[in-house]
Each structure stands twice: as C-alpha cells, then as structure tokens.
Amino acid sequence: LNTDSGVIAGLWVIPAAGGAPRRLTHEIGEHPAWSPDGHYIVFDADSGNSIKLVAATGGHPIRLVPPSIRIFRGGQPVWSPDGSRIAFDTNAEGARRVWIAQADGTVLRPASRSTREQGHPVWAPDSRTLVAASFPRGVNYIYQIGPDGSLTELDVLPELDVADALLQEPPGNE
C-alpha cells in the first residue's frame with residue numbers, strides 16, 4: 001500500500017465502494033485469490049517461494065505448501081470453483097508442473113502424471129478438470145488435465161504469443 005509516508009508491506013483489502021484500507025497480514029503477498037465463499041485468501045508469499053492462506057478477516061497466514069515443494073515463480077494459486085482445492089505452479093520435480101492441494105493443506109499432489117511442462121492452471125466449472133498451458137521452445141500448448149491425472153493436448157499456437165491470443169477480439173466482434 002502506498003501512503004504519503006511510503007510503502008507499507010502486507011496484504012490489504014480496500015473496499016470497492018471506498019473507505020479505509022484494511023491490512024490482512026504484514027507479509028508481502030502477491031497474486032491473491034479469494035475463496036469462492038469469500039472466507040479465505042490464498043496468495044504467493046516469501047517473495048514467491050511459498051503459498052499461504054489467510055482468513056479474509058485477517059490474521060496470521062498459514063503455509064499451505066511445505067518448504068520441500070519448490071514453488072515456480074510465485075505459484076499463482078487458484079481456487080477450484082467449489083472451494084475444496086487450490087491449483088498452483090511448482091518446480092518440485094525439476095520442471096514446471098501444476099500441483100493441487102486440498103484447501104486445508106492435507107493432500108498435496110501433482111495434477112498430472114505427465115512429464116510435460118505445465119503452468120498457469122485454470123479450473124473448469126466442475127472443479128474436477130484443469131486447463132494448463134506450456135511454452136517449450138516458442139511453441140504454445142494448451143492442455144486439459146483430467147481428474148485421473150491424464151493430460152490431453154487441446155490446441156497448439158505455434159506463432160502466436162499467448163498474451164496476444166488472450167487479448168484478441170472473439171470472432172464476429174471485429
């Protein structure tokens with residue numbers, strides 16, 4: 001939070017309708033994601049080296065992923081629509097992979113059995129399936145990760161920057 005007296009570290013909530021900011025934690029947090037029920041926020045912590053969970057009312061964050069699991073560039077955690085699980089990026093097996101944690105931190109596992117690089121997870125509305133991207137050697141792949149850990153290639157975008165693809169107008173809206 002930037003103030004007249006400088007930057008104040010921490011994770012903050014600022015009311016959309018205006019009002020005073022409220023500090024949730026003194027830890028620096030990035031990529032915060034609200035749980036579907038609005039009771040919790042998961043975020044990258046420790047300069048992107050861990051994933052933590054804090055109550056939406058504030059308090060002491062708990063570490064969701066143990067230090068033995070290497071987080072990839074902050075992990076960018078995302079909640080499943082039903083709020084039961086959190087997907088995130090790791091480098092736990094020497095390559096970028098999507099892992100899944102139960103929201104209470106009890107179960108932690110790779111999302112897929114595949115050795116292919118995966119990242120940027122997005123949950124399907126059913127909370128069972130994920131979509132992930134991979135960018136090896138300039139080729140952009142999009143995969144579906146099934147509940148059984150299967151990995152299915154959905155699309156290949158060989159000469160298109162993924163950011164540009166996401167920003168393009170849908171067909172018929174030119």
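The values are calculated or read from the model by the stated rules, or taken from the named source; none is laboratory data. Given the structure is predicted, the values throughout are model-derived calculations rather than measurements. Neighbour counts run over all protein chains shown; Cβ positions are idealised from the backbone, glycine included. Each accessible area value is taken on the protein alone, full model and side chains, heavy atoms only, with ligands, DNA and RNA left out. Shrake-Rupley method; radii C 1.70, N 1.55, O 1.52, S 1.80 Å.
Sorting the segments 11-17, 125-131, 82-88, 52-58 by their mean number of nearby beta carbons within 10 angstrom, highest to lowest, gives 82-88, 52-58, 125-131, 11-17.
Net charge around residue 51, counting only other residues with Cβ within less than 11 Å of its Cβ (Lys, Arg = +1; Asp, Glu = -1)? Mind dumping the intermediate values first?
Numbers: positive: 52, 63; negative: 30, 44, 46, 89.
In short, -2.
Ellipsoid semi-axes for the range 1-72, based on the Cα gyration tensor and the rule √(5λ), read 22, 15, 9 Å when sorted largest first.
With a 1.4 Å probe and every protein chain left in place, work out the accessible area per residue of the range 7-112 in Å², rounded to a whole number.
On the way: 5230 Å² over 106 residues.
It amounts to 49 Å² per residue over the range 7-112.
With a simple spin-label model that places each label point 7 Å from the Cα along the Cα-to-Cβ direction, the separation between residue 33 and residue 82 comes to 1.6 nm.
Solvent-accessible area of the range 93-137 (1.4 angstrom probe, protein heavy atoms only): carbon and sulfur portion equals 52 percent. Scalar couplings 3J(HN,Hα) for the range 140-147, obtained by applying the Karplus form with A = 6.51, B = -1.76, C = 1.60 to θ = phi - 60°, are 9, 10, 10, 10, 9, 9, x, x Hz; x denotes Gly and Pro.
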